[in-house]
Protein chains: 10
Amino acid sequence: MPTYVTLLNWTDQGIRNYKDTAKRAEAFGSAVQKIGAKLLNVYWTVGPYDLVALVEAPDDETATAALLQLGGVGNVRTTTLRAFGREEMDRIIAKAAG
Amino acid sequence: MPTYVTLLNWTDQGIRNYKDTAKRAEAFGSAVQKIGAKLLNVYWTVGPYDLVALVEAPDDETATAALLQLGGVGNVRTTTLRAFGREEMDRIIAKAAG
Amino acid sequence: MPTYVTLLNWTDQGIRNYKDTAKRAEAFGSAVQKIGAKLLNVYWTVGPYDLVALVEAPDDETATAALLQLGGVGNVRTTTLRAFGREEMDRIIAKAAG
Amino acid sequence: MPTYVTLLNWTDQGIRNYKDTAKRAEAFGSAVQKIGAKLLNVYWTVGPYDLVALVEAPDDETATAALLQLGGVGNVRTTTLRAFGREEMDRIIAKAAG
Amino acid sequence: MPTYVTLLNWTDQGIRNYKDTAKRAEAFGSAVQKIGAKLLNVYWTVGPYDLVALVEAPDDETATAALLQLGGVGNVRTTTLRAFGREEMDRIIAKAAG
Amino acid sequence: MPTYVTLLNWTDQGIRNYKDTAKRAEAFGSAVQKIGAKLLNVYWTVGPYDLVALVEAPDDETATAALLQLGGVGNVRTTTLRAFGREEMDRIIAKAAG
Amino acid sequence: MPTYVTLLNWTDQGIRNYKDTAKRAEAFGSAVQKIGAKLLNVYWTVGPYDLVALVEAPDDETATAALLQLGGVGNVRTTTLRAFGREEMDRIIAKAAG
Amino acid sequence: MPTYVTLLNWTDQGIRNYKDTAKRAEAFGSAVQKIGAKLLNVYWTVGPYDLVALVEAPDDETATAALLQLGGVGNVRTTTLRAFGREEMDRIIAKAAG
Amino acid sequence: MPTYVTLLNWTDQGIRNYKDTAKRAEAFGSAVQKIGAKLLNVYWTVGPYDLVALVEAPDDETATAALLQLGGVGNVRTTTLRAFGREEMDRIIAKAAG
Amino acid sequence: MPTYVTLLNWTDQGIRNYKDTAKRAEAFGSAVQKIGAKLLNVYWTVGPYDLVALVEAPDDETATAALLQLGGVGNVRTTTLRAFGREEMDRIIAKAAG
């Protein structure tokens, strides 16, 4: 399944309620599962982003639905990147360098 | 086929050779075709970006290969966005609002 | 008819009500039609912009009216670029390189 | 004829040769005229931009050709805005507030 | 009289009330006149700024007073640039290159 | 072992030689291994970053050494974030909310 | 113990209550101590940041917990950097240049 | 005479030759004098700007000529602000609040 | 006494009450005096900053106290730069080039 | 003695020669000592800055000389903040809140 890297920053609301961030991540995990995708991993990070999530989804639509839902709650602002692994990148380079 | 919106800015090299920008766009069109994707449309724009291209590709990999190849030539810097049409967005909202 | 590419970002209000984004796009389509322009296409995108719209309008005025009206509703902030197709660009280059 | 406001910043090359900026503006004036447009006014400015030019052109294409040509010379980087006068804006508001 | 180019962006309040922007510009014109300056021209623009105004004023003070007053109303944020015409710039270059 | 998320952008040199990006990633993997760390995963991404790497290292020092070495080669600019998994974050919240 | 440099900016709330900033820093010192870390030093600074804090903590988790707690109070926004001393850096370089 | 505040940043060239910055400032002082203006004061500063200069000039033209000349040398990039003293500002406010 | 250049921008609150800016500056002058420093000069400026103040203070502490107090009122956001005159800079260069 | 926090970023030159960063830091330490200041501590950091240095100097002049000299070498770009400890800040607050 395609992978997506999502970079998240807490909103003011999100920082104030940092104590339930783990529960919120869990809720996000089940919400994502309900729509056929999978939260591979979520990291709380130190630096320009507060969290980094790895999501697998059957397709771009499902991944986008998952992040749209999360954004609507109001605790985070998200930036999503489609992510290719090594095999996918080999194919991409082969095609690009054709 | 999935659609992609690519926002392009000329590099210094790109601006100096603006005269062959149409030919370069054509070359990009055929290069894209060779790898199974399709340049739906390219617009030269007035504003924060110099060109906006609409690309259809069988999958994210092919789209990425097309833009990687273009970036390697050195005339433009690109930012690519996966783009969903209305039907796709209806499904996405249905999933998100589930 | 001239073409315009509009890059849109949701305001906080826009993200909270993401569920009616498709209906809002439709409403925008009819509003645009009422003033003689045409919403060629709207894409919901993943990346630095939330939506990208392609609008055709008889002239710059009409295009600007359409986006002014949309901005006034408060769900999005817009950046509009005049967009030229290949033929137009050929003429432009001919003139520039004259 | 439609009006365009162009905001210009000198490149390093442009600043070093500031002494011939007036001549360059003149040359730009005649180049613009050759393609059917008109340099209404050019101002050298103190602030975030080094020059502001007001150009009238029969259409967007011609205006874009004029600025493309100027950018290719390498002394300035330009940002062009389509500009509406009061009458045009009255029509635009009438359409938008329809 | 010296000329000034003012670049204006609507605040949220300004966008919501876009319908009375023409009247507001008119009011600005008369307010400017009352203090001895002149609104040469105002353009509504498409791009990084919403309006561009050309103001003539007997001196920098009057120009600054005009824009201070406008800013205080709360519909726009302004950036003002002192603007020199060709003759002024010839003198400036002569002095600089002296 | 602690985890680190590294966000990478190609330099001009990096983009020009995109064809050997996979090999470079492999080389990075072995270089990282030599100093006792592990390249868990590397993704080529579409969006504000060109690659995202997940690195496990016995300690911050080793992780920093790995990225310092990579930066010195000149193909990428990197931003590294220390990343905590769920368990670690539970402990962190417990401590913070103490 | 590992060291961390934290760069802090006051929020609007933080600036309004600048008078109790020293007490807040003290409170932060004891809060940090309660979770096994140590506020080595705090500087109020003149420039792009309002404060710079040096924190020692047994591990990244504890340091992150300390700053998470501080951020939740709402007076500051923080950016934390893992910091290596000379010995650590010698080891890092040795590993990197290995 | 009107006053101008100029904010200056060293270019790479400027930093490398920091040793002759005082002489360069002196040269700037005499150059400014030659065209009828006066370098009231120059400060070398610690923060977002490397120098701040206070220039008095008979008019905007002369001030602009002085800074244009300085920029052309290539050691600094300048931003110039017209500056009003208290009396001027009283008049400005009187006019604005009229 | 050491000199400080402070760059000030009005907050929204500050712009709305622009009419009493001169009085506010006066109040700042006396407040500064009360703590042993001196407001050498304040300029209202046209450009990226709304005011530029020159403050002399017996030491960095007093200067910082003055600007901290001003910031707390809520009309401006300030950036303060330590400023050296020519003699100080000669000494600095002598030391640096030692 | 007053304290200064300096935030440093490597230039391209600095990154390429990362291997001798420790030696360069040492050289900076002795250079600083020669002019009567003291390098209290230098940290190599992971995040928006590559190094953070704590310098004590008899006065602002000496601190500035030290950083000017370092900048001139070309391996780093620096931002220096005057830093107050708790006692100094208590005095500052007392003065500000007077």
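The values are calculated or read from the model by the stated rules, or taken from the named source; none is laboratory data. Here the structure is a predicted model, which is why all the values come from computation and not from measurement. Every residue, glycine among them, receives a Cβ derived from its backbone with ideal geometry; neighbour counts consider all protein chains shown.
Some observations on this one:
- Here C:Arg16 does not fit the description of being among the basic types (Lys, Arg), surrounded by fewer than 23 Cβ atoms within 10 Å (Cβ to Cβ) and closer than 30 Å to B:Tyr18 by Cβ.
- Residues of the stretch I:41-60 that are in contact with a Ser or Thr (Cβ under 7 Å, 6 or more places away or on another chain) and surrounded by fewer than 21 Cβ atoms within 10 Å (Cβ to Cβ): I:Pro48, I:Leu54, I:Glu56.
- Residue that is farthest from I:Tyr4 (Cα to Cα), among those in the stretch G:11-34 that are without any contact (Cβ under 8 Å) to a residue 40 or more places away in the chain and touching a Gly at 6+ places or on another chain (Cβ under 7 Å): G:Lys34
- Looking only at residues of the stretch B:66-91 that are under 13 Å from B:Leu7 (Cα atoms) and within 9 Å of the chain's Cα centre (by Cα), we find that the one that is nearest to the other protein chains (Cβ to nearest Cβ) is B:Leu81.
- Of all residues in the stretch I:75-85, those satisfying the criterion of being of a type outside the set (A, V, I, L, M) and touching an Asp or Glu at 6+ places or on another chain (Cβ under 8 Å) are I:Arg82, I:Phe84.
- Note on the stretch A:78-93: among residues that are among the β-branched types (Val, Ile, Thr) and free of Cβ contacts under 8 Å to residues at least 60 places away in the same chain, the one that is surrounded by the most Cβ atoms within 10 Å (Cβ to Cβ) is A:Ile92.
Yes or no, residue by residue, for (1) farther than 25 Å from G:Trp44 by Cα; (2) among the small types (Gly, Ala, Ser):
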{"position": "I:Pro48", "(1), (2)": "yes, no"}
{"position": "I:Glu61", "(1), (2)": "no, no"}
{"position": "I:Thr64", "(1), (2)": "no, no"}
{"position": "I:Gln69", "(1), (2)": "no, no"}
{"position": "I:Val73", "(1), (2)": "no, no"}
{"position": "I:Ala94", "(1), (2)": "yes, yes"}
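- The stretch D:1-29, subset part of a helix (DSSP H, G or I) and over 25 Å from E:Thr79 (Cβ atoms), residue farthest from the other protein chains (Cβ to nearest Cβ): D:Ala27
- Tallying residues that are of a type in the set (Gly, Ala, Ser), out of contact with any helix residue (DSSP H, G or I) (no Cβ under 9 Å at 6 or more places or on another chain) and either under 30 Å from C:Gln13 (Cα atoms) or assigned to a strand (DSSP E or B) (or both) within the stretch C:64-98 yields 1.
- The set of residues in the stretch F:34-63 being among the hydrophobic types (A, V, I, L, M, F, W, C) and in a strand (DSSP E or B) consists of F:Leu39, F:Leu40, F:Val42, F:Trp44, F:Val46, F:Leu51, F:Val52, F:Ala53, F:Leu54, F:Val55.
- Among the residues of this structure, J:Ala94 counts as one that is within 10 Å of chain G (Cβ to nearest Cβ) and modelled with pLDDT under 95.
- Among the residues examined, J:Ala31 does not qualify as buried (at least 17 other Cβ atoms within 10 Å of the Cβ) and over 26 Å from I:Asp90 (Cβ atoms).
- Residue among J:Val46, J:Val52 that alone is modelled with pLDDT of 95 or more, of a type outside the set (Gly, Ala, Ser) and under 30 Å from F:Leu7 (Cα atoms): J:Val52
- Residue match in the stretch C:45-60 (condition: under 19 Å from D:Arg82 (Cβ atoms) and in contact with a Gly (Cβ under 6 Å, 6 or more places away or on another chain)): yes
- Residue within the stretch A:50-58 that is of a type in the set (D, E, K, R) and free of Cβ contacts under 8 Å to residues at least 24 places away in the same chain present: no
- The residue list A:Ala37, A:Ala63 contains one member that is more than 7 Å from every other protein chain (Cβ to nearest Cβ), surrounded by 22 or more Cβ atoms within 10 Å (Cβ to Cβ) and touching a residue at least 40 places away in the same chain (Cβ under 8 Å), which is A:Ala63.
- Total residues in the stretch J:1-13, condition closer than 21 Å to F:Leu8 by Cβ, surrounded by 14 or more Cβ atoms within 10 Å (Cβ to Cβ) and not polar (S, T, N, Q): 1
- Summed over the stretch J:31-58, residues that are within 13 Å of the chain's Cα centre (by Cα) and not hydrophobic (A, V, I, L, M, F, W, C) total 7.
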